Amino acid sequence: MIELRNISKSFGANHVLRDVSLKVDQGKSLAIIGGSGTGKSVTLKCILGLIKPDSGEILIDNQSIEGQREAFFAKFGMLFQGGALFDSLPVWHNVAFRLLQGERSKEECRDIAIQKLKRVGLQERVADLFPAELSGGMQKRVGLARAIAADPEIIFFDEPTTGLDPIMSGVINELIREIVTEMGATTMTITHDMTSVRAIADHVAMIHEGKVQWHGPVADMDAASDPYLSQFLTGSAQGPIEAVR
Amino acid sequence: MTYPIHILAAIGRATIAFFASIGSVTLFIAHTIRAIFAPPYYPREILKQFIAIGYFSLPVVGLTALFTGAALALQIYAGGARFNAEAVVPSIVAIGMVRELGPVLGGLMVAGRVSSSIAAEIGTMRVTEQIDALTTLSTDPMKYLVAPRTLAATIGLPILAGIGDVIGIMGGYLVGTTRLGFNSGNYITNTIDFLETADVTSGLIKASVFGFIIAIMGAYQGYNSGRGAQGVGRATTNAVVSASVLILAANYILNELFFFA
Ligand SMILES: Nc1ncnc2c1ncn2[C@@H]1O[C@H](COP(=O)(O)OP(=O)(O)OP(=O)(O)O)[C@@H](O)[C@H]1O
Ligand SMILES: [Mg+2]
């Protein structure tokens, strides 16, 4: 279980997160939605300690994450919004990065990397290319393969389907759902893609102006009366959410 | 009325920033040293960096040393002629190259080549979140990125300087025998007879310190790079400037320690 309690974070005068509290149960999938620039990526980075929150605490299985970060990362995988692939390493080495630190032989790691690449719809020949030689959507999928390569128990996906064609988006949504249901992973997924939310999420949290505006099971989403959420779901320019932020 | 206060405030801010950066560089150095000695180690990375930093700097260092040795021979000959001391050319070229010009000029040239590339590479990794990704993959970026580069430069620079010493002396020899009328055998015996072990070791130790400075400044600036291409550009410039200035300052301090303490 991952829990955020009253997390706040400002960059100078820019108050990005104001008292965010969230919870994901073990083996569940939470989708985080919200307008661009509202602090979704910052929220995930706060959990990882890559950004230090100004206040609040983060709990893993009811214990503060401080002091157990190493254990947390050991069973963790992340897809970064920009891919964050190591551009000095070939694709397969990127995917197998964590596996190569273990006891496995290089050939074995490479085989696993190729399997994972197939799962995200990439052919074997991609394995020996360098990240700079791939299209944006292909890079995203390599990042995804890297995130799931070591069968982590906790996975964060930052916009997994952005920049993918509709069919590939479908493939990825299915993959994420499978990872949750088959492997029992706990996942947090940031997305703007409502199809994706419906396909992968158990729960949904909408962040607006640094706060959790709405939070609930995905089934309740359409019936919810929250005007911010409704505007987000319909994608209307009219409503309480300002278009210029 | 508020004008002098503004000036004072500006001076105060600059002073605070100066000491803050000394503090953070010191911390960075402490982290790096810890990262070098504590496992896990990344021998493949060290080897890779050794080739990138050491091997590929050979042409730069070699050419610098060759021309410096040659120019030095001409200057010493011209200067020595004023008091009939042309015969000192071989020994002074050797001492000058080995103790001072080999390590310093070599260090400055490698600073231009290597500090900048370390800063650009690590800075790009910072702004594209590759360093964050390393952390999430249970890999300490200080151990994986900074330690191998620092180790490779600290070991690589003395080797480069040693090679530079030989080439520099050879540059002096070529000019001495072809242009200044020295006898080949005499030139070589003169060089060897007057050169002491301490001359060589002091130069190599200096080179090692310069190598450390080069890698640390590149890594520090890259690691703390600002956002975007502009941030990386600034990190690169800062790395070369700060490494060069620190090399010259460290050179003076080490000379005091080696020869006058
Ligand atoms: N390292 C940083 N330094 C300063 N400001 C930052 C930093 N990281 C993020 N911000 C600011 O925090 C705010 C939220 O950024 P964040 O990346 O979390 O947005 P987001 O919700 O993920 O948006 P998007 O959907 O566009 O990815 C932005 O205003 C951004 O400028
Ligand atoms: Mg984001």
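The values are calculated or read from the model by the stated rules, or taken from the named source; none is laboratory data. Keep in mind the model is a prediction, meaning the values are calculated, not measured. Counting neighbours? That spans all protein chains shown, and the Cβs are built from the backbone with ideal geometry, glycine included. Please note that ligands, DNA and RNA were not included when accessible areas were found on the heavy atoms of the full protein model with its side chains. Shrake-Rupley method; radii C 1.70, N 1.55, O 1.52, S 1.80 Å.
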- [ ] Report the extension gain between A:Gln123 and A:Ser21 in nm, rounded to one decimal, defined as 0.36 nm multiplied by the number of residues separating them, less their alpha carbon distance.
- [x] 32.6 nm
Task: chain B, relative contact order [Cα under 8 Å, separation at least 6], % - done: 30
- [ ] Return the whole-Å distance between the Cα centroid of region A:38-85 and the Cα centroid of region B:182-216.
- [x] 52
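Tell me the trypsin sites (Lys or Arg not before Pro) within region B:123-196 that lie in a loop according to DSSP and have at most 13 other beta-carbon atoms within 10 Å.
Passing sites in region B:123-196 are B:Arg179.
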Task: Separation of alpha-carbon centers, region A:99-166 and region B:233-251, rounded to whole Å - done: 39
- [ ] Any chance you could check the Cα centroid distance between region B:130-171 and region A:175-219 for me, in angstrom?
- [x] 44
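Starting from the Cα gyration tensor of the protein assembly as shown, multiply each eigenvalue by 5, take the square root, and state the resulting semi-axes largest first in whole Å. Walk me through the intermediate numbers first.
Working: eigenvalues 655, 140, 67 Å².
After scaling each eigenvalue by five and taking roots: 57, 26, 18 Å.
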- [ ] Take the Cβ-Cβ distance between A:Thr195 and B:Phe18 as r, set R0 to 60 Å, and report the resulting FRET efficiency rounded to the nearest 0.05.
- [x] 0.65
Open item on the list: Quick check: net charge around A:Tyr228, other residues with Cβ under 12 Å of its Cβ, Lys/Arg +1 and Asp/Glu -1?
Closed with: -2
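Once neighbouring chains are kept in place and the probe is 1.4 Å, which whole percent of the accessible area of region B:42-259 is contributed by carbon and sulfur?
Of all accessible area on region B:42-259, carbon and sulfur atoms account for 68 percent.
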TODO: Determine the dipole magnitude for the protein assembly as shown: charges of +1 sit on the beta-carbon of Lys and Arg, -1 on that of Asp and Glu, nothing else is charged, the reference point is the Cα centre, and the result goes in debye to the nearest 20.
DONE: 820
- [ ] For helix B:147-178, report the angle its Cα long axis makes with the longest principal axis of the Cα atoms of chain B; keep it between 0 and 90° and round to the nearest 10°.
- [x] 20
Open item on the list: Let me check I've understood the local charge: for A:Leu100, count other residues with C-beta under 14 angstrom from its C-beta, Lys and Arg +1, Asp and Glu -1. What total comes out?
Closed with: +2
TODO: Would you mind computing, in nm to one decimal, how far apart the modelled labels at B:Ile205 and A:Glu242 are, each placed 7 Å from Cα along Cα→Cβ?
DONE: 6.5
Open item on the list: When a/c reaches 1.5 or more, the comparison of a/b and b/c decides; with that in mind, is region B:174-241 rounded, prolate or oblate per its Cα gyration tensor?
Closed with: oblate
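If the chain between A:Asp151 and A:Arg69 were fully stretched, how many nm would it gain, using 0.36 nm times the residue separation less the Cα-Cα distance?
Gain on extension, A:Asp151 to A:Arg69, equals 27.7 nm.
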Task: Protein heavy-atom accessible area occluded, B/A pair - total, 1.4 Å probe, Å² - done: 1500
Task: Protection-proxy order for peptides A:194-206, B:49-61, each taking the mean of Cβ atoms within 10 Å per residue, highest first - done: A:194-206, B:49-61
Open item on the list: Checking the a/c ratio against 1.5 first, then a/b against b/c, what shape does the Cα gyration tensor give for region B:155-198?
Closed with: oblate
Task: Spatially proximal lysines relative to B:Lys143 (Cα-Cα < 19 Å; intrachain offsets below 8 disregarded) - done: B:Lys48
Open item on the list: I need the Debye-formula profile for region A:1-121: one equal scatterer per C-alpha, no solvent, reported as log10 I(q)/I(0) at q = 0.10, 0.12, 0.17 1/Å, two decimals.
Closed with: -0.42, -0.59, -1.01
Task: region B:42-259: equivalent-ellipsoid semi-axes (sqrt of 5 x gyration tensor eigenvalues, Cα, Å) - done: 39, 15, 14
Open item on the list: Keeping every protein chain present and rolling a 1.4 Å probe, give me the accessible area per residue for region B:42-259 in Å².
Closed with: 44
Open item on the list: Probe radius 1.4 Å, ligands and nucleic acids ignored: give me the carbon and sulfur share of the accessible area of region A:130-191 as a rounded percent.
Closed with: 54
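Sort out the exposed loop GluC sites (Glu not before Pro) in chain A (DSSP loop, at most 14 other Cβ within 10 Å) and tell me the longest stretch that has none.
Formally, the longest exposed-site-free interval is A:104-241.
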Task: Positive-end extreme of charge dipole, region B:42-259 - chosen from B:Gly176, B:Leu246, B:Thr128 (charges on Cβ) - done: B:Thr128
Task: Efficiency of FRET between A:Ser225 and B:Gln230 - r from beta-carbon atoms, R0 51 angstrom, step 0.05 - done: 0.65
TODO: Give me the angle, in degrees from 0 to 90, between the Cα long axis of helix B:58-81 and the longest principal axis of the Cα atoms of chain B, rounded to the nearest 10.
DONE: 40
TODO: Output the antiparallel fraction of DSSP beta bridges having both residues in the protein assembly as shown, as a percent to the nearest 5.
DONE: 55
TODO: Calculate the mean, over all residues of peptide A:211-219, of how many other protein chain Cβ atoms lie within 10 angstrom of the residue's Cβ.
DONE: 0
Open item on the list: So for chain A, averaging the separation of alpha carbon pairs under 8 Å that are six or more residues apart and normalising by length, what relative contact order in percent results?
Closed with: 26
- [ ] May I ask you to list the residues of region B:102-139 whose amide nitrogen lies under 17 Å from a point 7 Å from Cα along the Cα→beta-carbon direction of A:Met183?
- [x] B:136-138
- [ ] Treating cross-link reach as a plain straight distance, find the lysines whose alpha-carbon is under 21 Å from the alpha-carbon of A:Lys40, omitting any fewer than eight places away in the same chain.
- [x] A:Lys9, A:Lys23, A:Lys28, A:Lys52, A:Lys140, A:Lys211
Task: Positive-end residue, chain A charge dipole about Cα centroid, Cβ charges, pick of A:Asn94, A:Pro152, A:Thr195 - done: A:Asn94
